[in-house]
Amino acid sequence: MASESTCQHSSEEDSLACEMKNFAIEKRRGRGAVTSGLTHECGVFGAIGCGEWPTTLEISQIICWGLVALQHRGQESAGIVTSEGKCSKYFNIVKGMGLISNIFNDQAIRKLKGSIGIGHTRYSTSAASEEVNCQPFVVHTQHGALAVAHNGELVNCDSLRKMVLGRGVGLSTHSDSELITQALCLNPPEGESNGPDWPARIKHLMQLAPLSYSLVIMLKNKIYAVRDPYGNRPLCLGKILAQNEPLDGDCDDSREAEGWVVSSESCGFLSIGAQYVREVFPGEIIEMTRHGIRTIDIVERPEDKIQAFCIFEYVYFARADSIFEGQMVYAVRMQCGRQLAIEHPVEADIVSSVPESGTAAAHGFSRQSGISFSEVLCKNRYVGRSFIQPSNRLRQLSIAKKFGALSGSVKGKRVLLIDDSIVRGNTIGPIIKLLRNAGATEVHIRVASPPLLYPCYMGINIPTTEELIANKLDADELAVAVGANSLKYLSVEGLIKAVRSDIKSKNAHKVGHCTACLTGEYPGGEPHKDLDW
């Protein structure tokens, strides 16, 4: 991978390019004022009622509950856009900063009338955390209103931006999601003879920008669900059944749908009376109308490229009860813990975890090793961010205050603590000190993912190379730095083995995962940013 250090050039042109590159690096550094860990991506959701409209389904409430289930993917802002299916020029819109429960009160839900709608919950990646960047984005074209919600980050955002601006289109934000919305308003190369050909426009966008995105696109009376050809970001379908219909088991095509939903994750389906159907295939364009759903097209990847589903969805981002590739995330995390126990055994009295995404892996380690599991940390759920931290002591205390140690479980024990990942390395040290102060005689750390070495350009807030602790210290050096008796990571091969242990695929050659943040091998090659616009 190319170095992200600052560069020096003699010519004026090269100097300008260098300045823009350094600006882009600084923009990535510390995105979102995050001091530790990873920050979640975005979540998209869409719902549509079947049969005659107005539907009896409360679409706005279904979308709101669907977004609540996706709240872990973004807590900065949220929005819902609905249509009554009558007027192509007007949508009902509610958007705002903050959590979903604070934005969508009873008054807001009443405003969101309609039989069809899409929603979004956001964490900022390519643009600032400001109200102007709240999604879904809505634009008014000569053919009517268009709403778009996007999860991901375009790897060729800058070149696409130049193309859109070159067509005379104005952009009001630096968000690549707005860029996608405006790009969809452009005529496809083959032209249009009888009104807008939205599938052709979507396909043209996908050819211009091969990754990374999952999209829900809403017109007056239909939704298009779109997943990039590499399948990098997740997207799945659910079927709303009658109130007393059982939701367990495989989807039965003979059972009539009351509505359809599309979501970044399946974790909220049961709470809204929907049955999991399947994932949207990589490159697939699905049309959702009141008559049902159908595949419009599938945009293929280049022949030499494999699927690249983000492996960190399994490790960290997804909710444990979501389903990817035919397997539940919780089961995969347990398998990671088992593999970790095989690769890096240790003598300890108890196995525990850093709550909560490390818990499944800790249970897996416990079952594989025979060491009993016990909770040793109690998480304080009501601690906000501390942006002003004038000393290192206060900085460490601000991290430690998120947890309390269960001294009765720890005192006099050799503790093995499982964490899901280590990014900057400034969280684990205070936790180890907390356990030692509670009486632990030894603290061993096992990490249920490999060391993070490279930035992500596809929608995850993995920072610059220089901010990643694994580029400064190896496992043994980090153990000394944080005060652990030992520290070991799961291998890349071990993670892949765990993730693929129970994938239900008819064709094993189609299975593939993006490990760019671990290996530097980016889908389609390392992204090249055109930074001179």
Rounded to the nearest 10, the angle in degrees between the Cα long axis of helix 198-208 and the longest principal axis of the Cα atoms of the chain comes to 40
As straight-line cross-link partners of Lys86, the qualifying lysines (C-alpha separation under 23 Å, not fewer than 8 residues apart within one chain) are Lys95, Lys111, Lys113, Lys220, Lys222
Given 44-53, 152-161, 169-178, the highest-first ranking by average Cβ count within 10 Å works out to 44-53, 152-161, 169-178
When the charge dipole of the chain is computed with +1 at the Cβ of Lys and Arg and -1 at the Cβ of Asp and Glu, the Cα pointing farthest to the positive end, of Ile63, Leu416, Val277, is that of Leu416
For region 209-276, the dipole about the Cα centre with charges only on Cβ (Lys and Arg +1, Asp and Glu -1), to the nearest 20 debye, works out at 440
For region 41-305, the accessible surface attributable to carbon and sulfur atoms (probe 1.4 angstrom, ligands and nucleic acids excluded) amounts in percent to 46
For Lys488, counting only aspartates and glutamates whose alpha-carbon sits under 18 Å away and dropping same-chain residues fewer than eight positions off, the answer is Glu343, Glu347, Asp349, Asp419, Asp420, Glu442, Asp474, Asp476, Glu477
On the accessible surface of region 331-495, probed at 1.4 Å with all protein chains in place, carbon and sulfur together account for a percent value of 50
Karplus-derived 3J(HN,Hα) from phi for region 371-378 (6.51 cos²θ - 1.76 cosθ + 1.60, θ = phi - 60°), whole Hz, x at Gly and Pro, runs 7, 5, 8, 8, 6, 10, 10, 10
For region 427-517, whose charge dipole is built from +1 on Lys and Arg Cβ atoms and -1 on Asp and Glu Cβ atoms, the candidate among Gly512, Leu435, Ile445 with its Cα farthest towards the positive end is Gly512
Here region 212-220 yields Karplus 3J(HN,Hα) values (6.51, -1.76, 1.60; θ = phi - 60°; whole Hz; Gly and Pro given as x) of 10, 5, 10, 10, 10, 10, 10, 10, 3
Set Lys203/Lys239; Lys239/Lys510; Lys239/Lys402, cut-off 29 Å on Cα-Cα distance; pairs above it are Lys239/Lys402
Relative to the chain, whose Cα atoms define the longest principal axis, helix 359-369 and its Cα axis are tilted in degrees, nearest 10, by 50
Mean shadow area (nm²) of the C-alpha convex hull around region 41-305 is 14.0
Cα-based Rg and Dmax for region 177-322, in Å, come out at 16.3, 49
quick shape note, region 256-375: Cα extents on principal axes in Å, largest first -> 59, 41, 19
Treating only Lys and Arg (+1) and Asp and Glu (-1) as charged, each at its beta carbon, one finds that region 331-495 has a dipole about its Cα centre, in Debye to the nearest 20, of 720
Any lysines whose Cα falls less than 18 Å from that of Lys401, other than same-chain ones fewer than 8 residues away, would be Lys379, Lys433
Mean shadow area (nm²) of the C-alpha convex hull around region 331-495 is 9.9
In degrees, nearest 10, the alpha-carbon axis of helix 59-69 is tilted away from the dominant principal axis of the alpha carbons of the chain by 20
Sorted by chain and number, the residues with a modelled amide H under 5 Å from that of Asn426, at a separation of 5 or more or across chains, are Gly37
Between (i) 56, 30, 25; (ii) 39, 28, 22; (iii) 44, 28, 22, the structure-derived semi-axes √(5λ) of the Cα gyration tensor in Å is (ii)
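The values are calculated or read from the model by the stated rules, or taken from the named source; none is laboratory data. No experiment lies behind these values; they were computed from the predicted model shown. Please note: Cβ atoms are built from the backbone with ideal geometry, for glycine as well, and neighbour counts cover all protein chains shown. Note: areas computed on protein heavy atoms with side chains; ligands, DNA, RNA excluded. Shrake-Rupley method; radii C 1.70, N 1.55, O 1.52, S 1.80 Å.
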